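Structure first, commentary second.
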Amino acid sequence: MDIEQFRKAGYAAIDRICDYYASLQARPVIAQVQPGYLRKLIPDAAPEKGEDFTVVQDDYQKFIVPGLTSWQHPSFFAYFPTACTFEGILGDLYASSVCHPGFNWSCSPASTELEAITMDWGAKLLGLSPAFYNTSGVGGGVIMTTASDSALTVIVAARSRYTRLFPEVKAEQLILYVTTQTHSLGVKAGLVLGLKVRAIDVKAEDNFALRGEVLRKALEEDTEKGLKPFVFVATVGTTSSGAIDRLEEIGPVVQDYPGLWLHVDAAWAGVALSCPEYREIAKLASINEYATSFCTNFHKWGLVNFDMSTLWVRDRKLLTDALDVTPEFLRTKHGDAGTVVDYRNWHLGLGRRFRSLKFWFVLRGFGVKGFQNYIRRCIKLNDLFVSLLKSSPNFAIVTPPSFALTVFRLEPTQSSDINPSASQLNDLNRIFWSRVSARHDIYLTQTDLNGVFCIRLAVGAERTTEAHIRQAFELLSTEAEGALKVWQEARTADE
């Protein structure tokens, strides 16, 4: 493909992307294909000779698009949102056009320097302490792929710091802490690194948040057994329920254990810190006072296209002391002089993408005000959904709504003399869920909160409006009526 052929194909690609988004509302939310569908449509080996690219693009439309689940659909309420804005698309396009591995400053100075600048922009947007700014010369921020990579990186660094402080400690004595509501990233890091992991139970009466005294008890129990606590992963906005661990209680406990690293995973909810009115709820003051590291994903609820996980550390040397490997062929005069940041030493990989460009494009395109308005609008839409649930005698909210997330389920005890057991209510909600999940025009996900089966609705698609929230409630109400009928008929038959 020469320049003019690329120009023509590029114009066609932009047109088709625009057509996709213009038609998004009319498309099914969930891909309507069966497992293995694509293998039946695509040859089992690459062509011997290159093909006309128009044909390739046509095949993308025919074969690939039908197999896409539309995460940007206005009726996508599953998991958490994944951002995709036109500003971010263009940033990715430009970044791909100057493909370079970015493993040191000399690879492309603009890539490293823009990352350092935009990470400070992000820190200021969220209200993080200047201790986390790159300009501090001590702390700083780095762009990672996902929150899982961020957690794995800081756990490696935490282990390295602990063993430097206490060289007599054996690897098998180290223990990593999460809660039963923490994302699987903590347990997976333990598997990768061969570490003991303890998931501390959290309670419904605490809204599934970890309390300080519960953490202290776990630390004391394990210390008495000869184990060495070295890192705790706290969460602001857990996946299942949106729970926020009590950092104001946890921070002082962590400080009582020398060498214990406090990592705050706010992968989804962290961007809510951009709005000053949510900073107290999201524990910003405690993050700034106690956190060793903090992560949030702008590629979830933060308008920047995947992948765009942001990690800030209070002391960058905690990363570089653990991860700096510089063979002769990677040495540069600027790196040797310490006048530049070589981000490869801040994470596990060597090469890295030019992610800061899309971050820059999005922050400039939306501005602080536009970013805040988007977050507030999503929360307002979730508030509307909550009010609709409360207006119905059939629905119950399982745990307090968290920003733009609501966890709910059917509880007919609110409208009748029926007094089902916990097990029967779970059966009812599984029937309800099976009906909802069979639809192609809306997408939610289920969860289990300490044995309570329930449904999650997370608002975040940029194109979701009040009309979509009302439509979602009507669809859910219809499926609820159907589920209740099936459930009551089954109970009558059993009696």
Practice task
Need at least 2 residues that are at pLDDT below 95 per element, so show me which helices (runs of 4 or more DSSP H) inside region 296-371 make the cut, counting only ones lying wholly within it.
Solution key: 317-323, 333-337
Exercise for the section: Please state which of the following conditions Gln32 fails to meet, knowing it meets all the rest: (1) of a type outside the set (Val, Ile, Thr); (2) touching a Phe, Trp or Tyr at 6+ places or on another chain (Cβ under 9 Å); (3) in contact (Cβ under 8 Å) with a residue 60 or more places away in the chain. Expected result: (2)
Practice task
Give the residues of region 113-132 that are crowded, with 20+ Cβ neighbours inside 10 Å and of a type in the set (Phe, Trp, Tyr), sorted by residue number.
Solution key: Phe132
Problem - Residues that are part of a helix (DSSP H, G or I), touching a residue at least 24 places away in the same chain (Cβ under 8 Å) and either over 23 Å from Ser97 (Cα atoms) or in contact with a helix residue (DSSP H, G or I) (Cβ under 6 Å, 6 or more places away or on another chain) (or both), drawn from region 35-56 - result: Leu38, Phe53
Practice task
Could you tell me whether any residue of region 192-199 is touching a Lys or Arg at 6+ places or on another chain (Cβ under 6 Å), outside any helix (DSSP H, G or I) and not small (Gly, Ala, Ser)?
Solution key: no
Practice task
Keeping to region 354-366, report how many residues are more than 18 Å from Arg463 (Cα to Cα) and either among the hydrophobic types (A, V, I, L, M, F, W, C) or surrounded by fewer than 20 Cβ atoms within 10 Å (Cβ to Cβ) (or both).
Solution key: 7
Handout entry: Considering residues of region 447-464 that are assigned to a strand (DSSP E or B) and among the aliphatic types (A, V, I, L, M) only, the residue surrounded by the most Cβ atoms within 10 Å (Cβ to Cβ)
Key = Ala458
Exercise for the section: Could you identify the single residue in Ala404, Ala438, Ala422 that is without any contact (Cβ under 8 Å) to a residue 24 or more places away in the chain and either under 26 Å from Asp206 (Cβ atoms) or assigned by TED's automatic domain parsing to the domain that holds Thr464 (or both)? Expected result: Ala438
Problem - Selection status of Ala31, assigned to a loop (DSSP other than H, G, I, E, B), small (Gly, Ala, Ser) and either at pLDDT below 95 or under 29 Å from the mean Cα position of the chain (by Cα) (or both) - result: yes
Exercise for the section: Out of Phe294, Phe298, Phe230, report the one residue that is within 18 Å of the chain's Cα centre (by Cα), of a type in the set (Phe, Trp, Tyr) and more than 19 Å from Gln181 (Cα to Cα). Expected result: Phe298
Exercise for the section: Scan region 465-486 and give yes if some residue there is surrounded by 15 or more Cβ atoms within 10 Å (Cβ to Cβ), under 29 Å from Gly302 (Cβ atoms) and of a type in the set (Gly, Ala, Ser), otherwise no. Expected result: yes
Exercise for the section: Could you grab me the full set of residues in region 86-102 that are surrounded by fewer than 18 Cβ atoms within 10 Å (Cβ to Cβ) and in a loop (DSSP other than H, G, I, E, B)? Expected result: Val98, Cys99, His100, Pro101
Completion exercise
Over region 136-152, the set of residues of a type outside the set (Ser, Thr, Tyr) and in a helix (DSSP H, G or I) is Ala147, Asp149, Ala151, Leu152
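May I ask you to list the residues in region 237-260 that are of a type outside the set (A, V, I, L, M) and either closer than 15 Å to Thr182 by Cβ or surrounded by 24 or more Cβ atoms within 10 Å (Cβ to Cβ) (or both)?
Within region 237-260, Gly237, Thr238, Thr239, Ser240, Ser241, Gly242, Asp245, Arg246 qualify.
Identify, please: which residue in region 465-489 is among the hydrophobic types (A, V, I, L, M, F, W, C) and either outside any helix (DSSP H, G or I) or without any contact (Cβ under 8 Å) to a residue 40 or more places away in the chain (or both) and is, among those, farthest from Arg435 (Cα to Cα)?
It comes out as Ala467.
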Exercise for the section: Say whether the condition of being crowded, with 22+ Cβ neighbours inside 10 Å and within 16 Å of Pro74 (Cα to Cα) is met by at least one residue in region 410-420. Expected result: no
Practice task
Scan (1) more than 21 Å from Arg316 (Cα to Cα); (2) touching a residue at least 12 places away in the same chain (Cβ under 8 Å) for the single condition Glu205 breaks and write down its number.
Solution key: (2)
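Name every residue in region 42-53 that is among the hydrophobic types (A, V, I, L, M, F, W, C) and more than 33 Å from the chain's Cα centre (by Cα), in order of residue number. Please lay out each step first, then the result.
Pass one, region 42-53, residues among the hydrophobic types (A, V, I, L, M, F, W, C): 42, 45-46, 53.
Listed by number, the residues that qualify are Ala45, Ala46, Phe53.
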Fill in the blank from the handout: With criteria (1) at pLDDT below 95; (2) within 23 Å of Thr238 (Cα to Cα), Ala110 comes up short on (2)
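The values are calculated or read from the model by the stated rules, or taken from the named source; none is laboratory data. This is a predicted model, so every value here is computed, not measured. All Cβ positions, glycine included, derive from the backbone under ideal geometry; neighbour counts span all protein chains shown.
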